[in-house]
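Asks: Let me begin by handing over the structure; questions about it come next.
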Amino acid sequence: MEQAQKMQVIRLEALSDNYIFLLHDSEQNVAAVVDPAEAEPVLKKLKELKAELVAIFNTHHHQDHVGGNKQLIQQFPRVTVYGGEEDRGRIPGQQVFLQQGDRVPFADRTGEVFFVPGHTRAHIAYYFAPQSGETGDLFCGDTLFAGGCGRLFEGTPTQMVDSLSKLRSLPDDTHVWCAHEYTLKNLQFAVTVDSDNADLHNRYDEVKARRSRGEATVPSLLGVEKRTNPFFRWEEPTLQLAVNSNDPVQTFARLRGMKDKF
Ligand code: ZN
Ligand code: FE
């Protein structure tokens, strides 16, 4: 018998290119939100659902990820605010300080915490493993993007490769809920360094078509990222050749440097 999913992920648009993810537990009619860039779109959707906000899951301290925290806490004083241990003092209203391997409950699911420094020194991701026939859901903030990865503001290439390796070890059918609509620009870069990758070209064509229709490209699938995202492919000889290195971390670092200037 098919079981209804208790946790629905609702994608909300915010600021110029951010996504906020509202997790809705339709049974209890409560909600959680991942990285509320701003409060308005969240409040509007909660009102529509008549749902109570019980949790804020922050991935890192940047303003375009925590900008809505204060107002949401004011509206829902019982909300629990989660973030990384290393972000202590940088996330408004943070109450729970998470480390690698910690678990956070929501609806009938459990989010596993991955410590993924690199974009910032405190960045975490939340992975909700599949429950009875569902697929897993990864909320990765600005660490992994569809077709790309976050800039290294507070971390080193070694850290970022280590962080991305953790995410890369998850199952192929995992939904990748990243925090920005950067996919088209990322793939424009990707085809310049991985030009013989047929899967990448197919994806690029598909994303171009979707964007021209104004459609979102998030979530993507982790398996697609493994095949087409250059920032997951530092071991590939073709990419190593493209940046003239045979060292995985140096390959990653050079790709990241090229993308910064792209
Ligand atoms: Zn950020
Ligand atoms: Fe961001």
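The values are calculated or read from the model by the stated rules, or taken from the named source; none is laboratory data. As the structure is a computational prediction, the values presented were derived from the model and not from experiment. All Cβ positions, even for glycine, are placed from backbone atoms using ideal geometry, and neighbour counts span all protein chains on display. All accessible areas refer to the heavy atoms of the entire protein, side chains included, with ligands and DNA or RNA removed. Shrake-Rupley method; radii C 1.70, N 1.55, O 1.52, S 1.80 Å.
Asks: Per residue of segment 76-88, what does 6.51 cos²θ - 1.76 cosθ + 1.60 with θ = phi - 60° give for ³J(HN,Hα)? Whole Hz please, x for Gly and Pro, Karplus curve as stated.
Replies: 10, x, 8, 5, 9, 9, 9, x, x, 3, 6, 8, 3
Asks: Using 0.36 nm per residue of separation minus the Cα-Cα distance, give me the extension gain between N202 and F262 in nm, one decimal.
Replies: Gain on extension, N202 to F262, equals 19.5 nm.
Asks: Quantify how much of the Cα-Cα distance distribution of segment 7-260 extends past 29 Å, in percent.
Replies: That tail contains 27 percent of the Cα-Cα pairs.
Asks: Compare the peptides 138-151, 24-37 by average per-residue count of other Cβ atoms within 10 angstrom and give them in order, highest first.
Replies: Those peptides, ordered most packed to least, come out 138-151, 24-37.
Asks: State the percentage of accessible surface on the chain attributable to carbon and sulfur atoms; use a 1.4 Å probe and exclude ligands, DNA and RNA.
Replies: 47
Asks: What accessible area per residue, rounded to a whole number of Å², is obtained for the chain using a probe radius of 1.4 Å?
Replies: Per residue, the chain has 44 Å² of solvent-accessible surface.
Asks: Quick one: of K185/K226; K226/K259; K6/K70, which pairs are farther than 22 Å apart, Cα to Cα?
Replies: K6/K70
Asks: Continuing with this model, one more query. Read phi for every residue in segment 231-236 and hand back ³J(HN,Hα) as whole Hz from Karplus 6.51 cos²θ - 1.76 cosθ + 1.60, θ = phi - 60°, with x for Gly and Pro.
Replies: Ordered by residue, 3J(HN,Hα) equals 7, 10, 10, 5, 8, 6 Hz.
Asks: Sticking with this one: Can you give the accessible area of L170 in Å² (nearest 10), computed on protein heavy atoms with a 1.4 Å probe?
Replies: Near enough 10 Å² of accessible area.
Asks: Please give, to one decimal in nm, the separation of the simple spin-label points placed at T110 and K47, each 7 Å out from Cα toward the Cβ.
Replies: 3.8
Asks: On to the next question. Can you tell me which of 225-234, 39-48 comes out highest on packing, and rank the rest after it, using the mean Cβ neighbours within 10 Å?
Replies: Going by the mean number of other Cβ atoms within 10 Å, highest first, we get 225-234, 39-48.
Asks: Right, another one. Determine the gain in length on full extension of the stretch L15-V249; use 0.36 nm per residue of separation and subtract their C-alpha separation, reporting nm with one decimal.
Replies: 80.9 nm
Asks: Can you list residues whose amide H is under 5 Å from D35's amide H, if they're 5+ apart or on another chain and H is modeled 1.01 Å from N?
Replies: Those lying under 5 Å, H to H, from D35 are F57, N58, T59.
Asks: So if we plug the beta-carbon distance of F97 and Q75 into 1/(1 + (r/R0)^6) with R0 = 25 Å, what FRET efficiency do we get, rounded to 0.05?
Replies: Plugging the Cβ-Cβ distance into 1/(1 + (r/R0)^6) gives 0.60.
Asks: To the nearest 20 debye, what charge dipole does segment 7-260 have about its Cα centre, counting +1 at the Cβ of each Lys and Arg and -1 at the Cβ of each Asp and Glu?
Replies: Dipole about the Cα centre, nearest 20: 420 debye.
Asks: Quick one: Cα centre-to-centre distance for segment 48-89 and segment 205-234, in angstrom?
Replies: That distance is 28 Å.
Asks: Still on this structure, please answer the following. I need the calculated FRET efficiency for the pair T156 and E27, taking r as the beta carbon distance and R₀ as 41 Å, to the nearest 0.05.
Replies: For R0 = 41 Å, the calculated efficiency reads 0.40.
Asks: Antiparallel versus total DSSP beta bridges in the chain: what percent is that, nearest 5?
Replies: Within the chain, antiparallel bridges account for around 65 percent of the total.
Asks: By per-residue mean of other Cβ atoms within 10 Å, what is the highest-first order of 205-217, 99-111?
Replies: The most tightly packed comes first, giving 99-111, 205-217.
Asks: Given the DSSP H assignment, sum -39500 (n - 2.57) over each helix run of at least 4 residues in the chain and divide by its residue total; what's the result at 222 nm in deg cm²/dmol, nearest 500?
Replies: Calculated from helices alone, the mean residue ellipticity at 222 nm is -9500 deg cm²/dmol.
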